[in-house]
Amino acid sequence: MALGAVSLVTDVSSEMVTAVLPLYLVLGLGLSPLQFGFLDGLFNGATALVRLLGGRLADRGGGRHRTVAGVGYLLSALSRLGLLLAGGAAGGIAAALAADRLGKGVRTAPRDALITLSAPPEALGRAFGVHRAMDTTGALIGPLVAFAVLWATADAYDAVFVVSFATGLLGVLVLVLFVPAGAPVQGGAPVSAKTVPAKTPVSAKTVPPRRKTKALADPVFRRVVTAAALLGAATIGDSFLYLLLQRGLDLSPALFPLLPLGAAACYLLLAVPVGRIADRTGRRIPFLCGHGALLAAYLTLAAPTGWPSAVLTLVLLGVFYAATDGVLMALAGPVLPPDGRAGGLAVLQTGQALARLVGAAGFGAAWTCWGPRPALAAAALALAAALAAAWRILPGREVS
């Protein structure tokens, strides 16, 4: 719950910026869709390599998960100050975006490892559902705050960056005060290098201890990473979807920050129920069905856009995140040994993020060359092919 509170506050900060950034870069600074896609994909993909470092540092010794995660949260908060100081300078904006993505890359694997090490394997779907629900509450509040600030300041983007910076620092303070600094707990005992594993009977819900090996040496984990990367390469990014909706609806720029609210509200409502379903029925099927919802969103958006189709697109996007984000971590976590879990999850997240770099840059190029609707049709075909491949690649039996 404490980690969920940290994520809630931090997401208010980050989503304030995310909600206005496409508008600021494309409409305010005049970037083309190709330039925006390359910039967004580059920083999401290239800086994802830092996740490997964050995961490796967190796995070294007990109690480092919180410290490494805290450094990531602080770096992201400082990036908002960088956006404020950059003005319209391209170099300053690029540096601020890089700092934000670096912070996210450093903190994500240690944070998710803390969750997997603190909850029993058979309840990981629910645990991630609760965390993602709180995280999404922040994502729901963030665009509202951005909208209110823009309305109150006559579209002053600098004011959004100031409020976002202050909120991000509050999230770091919550982490320091309320998240324990000691080693995470799994099954009631601290997990650290000095812990002597107790002898427990092996049952359907007990996982025998695994030796620490390279994550990709495990064939089951390797198949999960491959499937996630294939699906990630066919994901075009939320920013493009919101830009397409804004253009299709001819929506006022002042109302643009409100678009993510529909997806965030749906995600908030479904995160915990879908997590429970995944714990009971297996996490493979919900994960694949979530990407099926994303495919339906692409097809809906490719048709002429009106308010009914726009609402449906946002709902499908919320279903996609509810069925994939935490579910993927719950699927992969038990496969990895406790003393290498942050590093293994970092490998998975890095592979997925690098694949999304390809997807974002490719869609930006296709939009620039062909126009938005042909580019969406191509993205839908790519996602359908990736879904068919992932259905065969993902392991049928799970460790839980």
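Once the Cβ-Cβ distance of A159 and R56 is raised to the sixth power relative to R0 = 45 Å, the FRET efficiency obtained is 0.70.
Computed over the alpha-carbon pairs of segment 300-400, the distance histogram in 5 Å steps reads 2, 10, 13, 20, 20, 14, 10, 6, 4, 1, 0 percent, short to long.
Shown here: segment 221-338, whose C-alpha atoms stretch 50, 27, 22 Å along the first, second and third principal axes, sorted largest to smallest.
Note on T281/A388: beta-carbon distance plugged into 1/(1 + (r/R0)^6) with R0 of 22 Å gives a FRET efficiency of 0.55.
Quick check on the exposure proxy: order K104, K214 from fewest to most C-beta atoms within 10 angstrom. Ascending number of Cβ neighbours within 10 Å: K214, K104.
Read-outs throughout are calculated quantities, based only on the coordinates presented, and are distinct from any laboratory measurement. Since the structure is predicted, the reported quantities are computational estimates derived from the model, not experimental observations. All Cβ positions, even for glycine, are placed from backbone atoms using ideal geometry, and neighbour counts span all protein chains on display.
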